[in-house]
1. Quick one: which residues, 5+ away or cross-chain, put their amide H under 5 Å from the amide H of VAL225? H built at 1.01 Å from N.
2. Arrange the peptides 59-72, 215-228, 23-36 so that the one whose residues have, on average, the most other Cβ atoms within 10 Å appears first.
3. Find the eigenvalues of the gyration tensor of the Cα atoms of the range 118-228, then list the square roots of 5 times those eigenvalues as equivalent ellipsoid semi-axes, largest first, in whole angstrom.
4. Could you compute the FRET efficiency for SER93 and GLN139, with r as their C-beta to C-beta distance and R0 at 51 Å, rounded to 0.05?
5. How much mean residue ellipticity at 222 nm does the chain get from its helices, if each DSSP H run of length 4 or more adds -39500 (n - 2.57) and you divide by all residues, to the nearest 500 deg cm²/dmol?
6. Taking only Cα atoms of the range 58-150, what ratio of Rg to Rh do you get with Rh as the Kirkwood inverse-distance radius?
7. Which FRET efficiency, nearest 0.05, do GLN262 and ARG302 yield, Cβ-Cβ r, R0 45 Å?
8. Give the Cα extents of the range 154-303 along the principal axes, in whole Å, largest first.
Amino acid sequence: MRAVFVDANESLAVIAERLEKPGDPAMRINRNPDIAPEDYPTVLDGAEIAVVDHTALPTEVAKRCAGLKHVVFLGTGARSYMNPEELAGLGISVHLIKGYGDTAVAESAIALMWASARVIAQMDREMRAGNWLREDGMQLTGKTLGLVGFGGIAAEVARIALGSGMKVIAWNRSPKSSAGVEFVDLDTALSKSDVVSIHLLLNDETRGMITREKIAKMKSGVILVNTARAAIIDEEAMIDALKSGHIRHAGLDVFNVEPLPQDHPLTEIPNVTLSAHSAFRTPEASENLIHAAWEHCRRIVRG
């Protein structure tokens, strides 16, 4: 059984080569992170396992991938790139990797929260342009952080935030408990929080869940952080709330269109701090990720 890492950047390729063990399934590494979806049949060349970092796999393209039986997706957000149910109908199983970057993403969410609270990116931009911008920041000690969704990443965010003197409340679709965290209904989490941080998987239930009405329930002057998936939030409503000041500042790592177009409205709004879908990108998380991908491949071959 053969595997192909279809869209490896150089750093992930090096890790994949280093973690290979004797007796592992043969894995060819395609060192081209910029393949197009229509390249899949050629890149896979009949291989049974596709290791996928970020390239969309439309169902119609999958139909032309002779021999493909397994997709090992490097993360949890496969639904943003493919339809697992439709692929299952073709006999293709999609395998996810959970937990590999919980600490990395949590630290990035915290960084975006603090950068937003202290307007760091905006002051940096203005100073580089020759303007001595001095802004009052939001002091976060004693403020309330509301977590929307409470999996491994949110638990790490809560740990860090509690250690910095914040109060943490959270909403989750299923009952949860965590030391120091008060679990409340969604409307309470939105209306009582000085900072709202999104930590949900994208699916049919969560797509567009943070509607214009939900944003209106947030405190005036709230900070909004999203390191999950952009489609969970009504983007147009968020932009309107940023322009009006209802949302004081947004720290965003994920976008409906990636890379973010240069003329996108979010690039023109001063009270937004942007990062390029990089919350999970640390050497430690990459090591965990590729180790887990190899383990998936080994289990698949063992049957």
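Values in this text are rule-based calculations from the coordinates and carry no lab data. Bear in mind the structure is a predicted one, so any value in this text is a computation, not a measurement. Note that each Cβ is placed from the backbone with ideal geometry, even for glycine, and that neighbours are counted across all protein chains shown.
1. VAL196, SER197, ILE198, GLY251
2. Answer by packing, highest mean first, reads 215-228, 59-72, 23-36.
3. Listed largest to smallest, the semi-axes of the range 118-228 are 27, 17, 13 Å.
4. E between SER93 and GLN139, to the nearest 0.05, is 0.55.
5. Working: 11 runs with 105 residues, N = 303.
So the helix-based figure for the chain works out to -10000 deg cm²/dmol.
6. Taking Rg over the Kirkwood Rh, I get 1.24.
7. Result of the calculation: an efficiency of 0.40.
8. 56, 42, 32
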